[in-house]
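Following: one structure in structure tokens, then a few remarks.
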Amino acid sequence: MVQSRWLGTGVKAPSGAAARAFEELQKDEAEDAQSGQEKTFMSPPFEDTELNINHPYYDVARHGIIQLAGDDNSGRKVITFSCCRMPPSHQLNHTRLLEYLKYTLDQYVENDYMVVYFHYGLKSLNKPSLKWLQTAYKEFDRKYKKNLKALYVVHPTNFIKILWNIFKPLISHKFGKKITYLNYLSDLREHLKYDQLNIPQEVIQHDENLRAKQKGKLPPVVKIPPPRPPLPTQQFGVSLQYIKDKSKGELIPPVMKETVSYLKRKGLQVEGLFRRSASVQTIKDVQKLYNQGKSVNFDDYHDIHIPAVILKTFLRELPQPLLTFECYDPILGITSVESSLRVTRCKQIVHGLPEHNYVVLKYLICFLHMVSQESIYNRMTASSLACVFGLNLIWPSKGTASLSALVPLNLFTELLIDFYMNIFNSRTVPGEILP
């Protein structure tokens, strides 16, 4: 009876393909049960504690199936989809799941982004129908596919390969090239910031079991050497204080001053400024030049998005966020403040920052305010800029910000940009400069 849910879905599948897909799914379950990894299907215990019960998709979002996982090595937002967190089908409305997925992606599709799909945990009890998968693909039109730069499928099985054959006639060649299959979690490290990922414990355990089975067949794990002490001219991955001490007491880090200056001169009216990514290798090369204290001429690269990505990368690689870990919880509370008092609350939080952080933040927000003033040309309103910079200015001391935390984080950033003069004009610091 269960097999029939895969058949007669309207998908023009190869003969017997749907039945084979279901058989492969059953094989996966049998292997898990045999290894003692999972005796019965249990509803995942994950519960998003930061999620407001009034969230429009609370019934779906509370399971944590879809999560924001920071940025990849090119500064693109990373969205994860974890099958093991999907409860049995009778407990989850798959139409609502699709709507929530679109609701989440709608916040990022204007920027380059990527998706990591953790396949482990998809069972006969929680799988959506092929009809649903077909509908999902059709629902995600060019708006969603255009800026999706990569889709990583982790722990693929024969079930995935059969599904691919079923849907191949529907999938464009261009989209197909964006899909990468990764057999082990460690394979993700070369593509994104692995430590930012909120990987379910079940997936980690499954990965360890796979590795144990392949013991002796896999190449030895390469030991990561201990980090080298920073160079005297280091700009990335070191504190603001370190840069200040090595830069003759200058409050604004050289990399920030140079990228902002360049973008102010040549990028204010560029459509989609800060939304696009750039070549990973080029970004690494520019970072290396800065860290070695060498001059960087952005004109040589013929790409206005390179200094934009460099600025975001600098902020993201600070050991502590510019807005500091201490401000994370107060900023989350901004949505509970009455609308008319929110700017005042922002002012209180910002004015409580250490002096150096305040000066650098003021310099940056002044520039972003300038960018937003040119939104008729660059399409980057304060709201658009907040979506890009929110998580580059503040993140929790442990793990990554959940999707539900994005609303207050982005709102706070948007208020800083929109009400720059009101928030920053009453506090000045000796030696501060503006763009």
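The values are calculated or read from the model by the stated rules, or taken from the named source; none is laboratory data. Keep in mind it's a predicted model, so treat the numbers as computed, not measured. FYI the Cβ positions are ideal-geometry reconstructions off the backbone, even for glycines, and counts take in every protein chain you see. All accessible areas refer to the heavy atoms of the entire protein, side chains included, with ligands and DNA or RNA removed. Shrake-Rupley method; radii C 1.70, N 1.55, O 1.52, S 1.80 Å.
For region 259-287, the candidate set comprises residues that are free of Cβ contacts under 8 Å to residues at least 60 places away in the same chain and more than 26 Å from the chain's Cα centre (by Cα); within that set, the residue that is most open to solvent (accessible area, probe 1.4 Å) is 265. Restricting attention to region 416-435, the residues that are open to solvent by 20 Å² or more (accessible area, probe 1.4 Å) and either part of a helix (DSSP H, G or I) or in contact with a strand residue (DSSP E or B) (Cβ under 7 Å, 6 or more places away or on another chain) (or both) add up to 3. A single member of 378, 410 is open to solvent by less than 60 Å² (accessible area, probe 1.4 Å) and in contact with a Cys (Cβ under 9 Å, 6 or more places away or on another chain), and it is 410. For region 372-394, a tally of residues being closer than 26 Å to residue 243 by Cα, of a type in the set (Val, Ile, Thr) and either in contact with a Lys or Arg (Cβ under 9 Å, 6 or more places away or on another chain) or at pLDDT 95 or above (or both) returns 1. Of all residues in region 176-194, those satisfying the criterion of being open to solvent by 30 Å² or more (accessible area, probe 1.4 Å) and in a helix (DSSP H, G or I) are 186, 187, 189, 190, 194.
Of the numbered conditions (1) modelled with pLDDT of 90 or more; (2) out of contact with any Ser or Thr (no Cβ under 8 Å at 6 or more places or on another chain); (3) of a type outside the set (Val, Ile, Thr), residue 98 satisfies every one except a single condition; which is it? It is condition (2) that residue 98 fails. Annotation note: of 48, 71, the sole residue that is at pLDDT below 90, in a strand (DSSP E or B), open to solvent by less than 30 Å² (accessible area, probe 1.4 Å) and not hydrophobic (A, V, I, L, M, F, W, C) is 71.
Screening residue 400 against (1) β-branched (Val, Ile, Thr); (2) touching a residue at least 60 places away in the same chain (Cβ under 8 Å); (3) in a helix (DSSP H, G or I); (4) surrounded by 16 or more Cβ atoms within 10 Å (Cβ to Cβ) leaves a single unmet condition, (3). Identify all residues within region 288-340 that are over 18 Å from residue 274 (Cβ atoms), open to solvent by less than 60 Å² (accessible area, probe 1.4 Å), out of contact with any Ser or Thr (no Cβ under 7 Å at 6 or more places or on another chain) and of a type in the set (Gly, Ala, Ser); write none if there are none. Across region 288-340, the qualifying residue is only 333.
Residues that are polar (S, T, N, Q), under 22 Å from the mean Cα position of the chain (by Cα) and farther than 17 Å from residue 315 by Cα were ranked within region 395-435; the one that is modelled with the lowest pLDDT is 402.
Give region 207-236 a look and list any residue that's at pLDDT below 70 and hydrophobic (A, V, I, L, M, F, W, C), or say none. If the condition is that a residue be at pLDDT below 70 and hydrophobic (A, V, I, L, M, F, W, C), then 218, 221, 222, 224 are the ones that fit. Residues in region 138-155 that are part of a helix (DSSP H, G or I) and not basic (Lys, Arg) were compared, and the one that is most open to solvent (accessible area, probe 1.4 Å) is 139. Just to be sure before I move on: is residue 335 of a type in the set (Val, Ile, Thr) and more than 22 Å from residue 427 (Cβ to Cβ) in the structure I sent? Answer is yes for this residue. Sub-7 Å Cβ pairs linking a first residue in region 231-251 that is in a loop (DSSP other than H, G, I, E, B) to a second residue that is surrounded by 13 or more Cβ atoms within 10 Å (Cβ to Cβ) and charged (D, E, K, R), at least 6 apart or interchain, are 232/246; 233/246; 236/317; 237/317; 250/244; 251/244; 251/432, ordered by first then second residue. One residue stands out among those in region 351-365 that are within 18 Å of residue 422 (Cβ to Cβ) and in contact with a helix residue (DSSP H, G or I) (Cβ under 6 Å, 6 or more places away or on another chain): the one that is surrounded by the most Cβ atoms within 10 Å (Cβ to Cβ), which is 362.
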